[in-house]
Amino acid sequence: MTARAFLNAWHEAVAAKDAGAMSAIIADGCELHSPVVWKPSADKAYIIHILAGVIASIDDFAYRREWIDGDEILLEFTGAVAGKGLVGFDKITLDSEGRMARLEVLIRPLNTLTEFAVRMREHALNFKPEAA
């Protein structure tokens, strides 16, 4: 799968909020580097749970720009949490089969990130109490 094919599938899965479609394009052992916790996770089921929480926690979530460089993808997104605007980036690295092998997320500003972290901590605890 090419980076463009991955992105098409990714955008469809995110728009549909379809965990099954996300799972199909995320590699086993994919690493999630979150702005909320210091330790990356490589538990695919947990990552899908977190991604579903992100989609549910950010109002008006939308990707607005994207860059592709080989197997590296950078997506800029916008949205709001508790009425506070945010801008963020998803840095995605694909494996040799075109599936997501690493996801690093950055979000700003700090006041929105703080509110987002509170919501995501609760969501994470529902899946894995030791995660947050």
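Largest mean-square fluctuation among D69, D59, D90, in a Gaussian network model of the chain whose springs join Cα atoms under 10 Å apart, belongs to D69. For the chain, the relative contact order is 25 percent, taking Cα pairs closer than 8 Å that sit 6 or more residues apart in sequence and dividing their mean separation by the residue count. Taking every protein chain into account, the 1.4 Å probe leaves K39 with about 130 Å² of accessible area, to the nearest ten.
First compute the accessible area of the chain with a 1.4 Å probe, then give the percent of it belonging to carbon and sulfur atoms. Of the solvent-accessible surface of the chain, carbon and sulfur hold 54 percent. Remark: region 1-85 carries 51 Å² of accessible area per residue (probe radius 1.4 Å; ligands, DNA and RNA excluded).
Where only DSSP H runs of four or more residues are counted, the chain gives -13000 deg cm²/dmol as its mean residue ellipticity at 222 nm, each run worth -39500 (n - 2.57). Bridging of K17 to aspartates and glutamates at a Cα separation below 19 Å is possible for D59, D60, E76, D90, once same-chain residues fewer than 8 apart are set aside. Compared with the dominant principal axis of the Cα atoms in the chain, helix 110-127 is inclined by about 80°. Note on the chain: Cα Rg divided by 2.2 N^0.38 Å, N the number of residues, gives 0.98.
Helix 44-57 and the long axis of the chain differ in direction by around 60°, with both axes built from C-alpha atoms.
Taking every C-alpha pair closer than 8 Å and separated by at least 6 residues, the mean separation divided by the residue count of region 63-105 gives a relative contact order of 29 percent.
The values are calculated or read from the model by the stated rules, or taken from the named source; none is laboratory data. This one's a predicted model, so the numbers in the text were calculated from it and none came from an experiment. When the accessible area is computed, the model is the full protein with side chains, heavy atoms only, and any ligands, DNA or RNA have been set aside. Shrake-Rupley method; radii C 1.70, N 1.55, O 1.52, S 1.80 Å.
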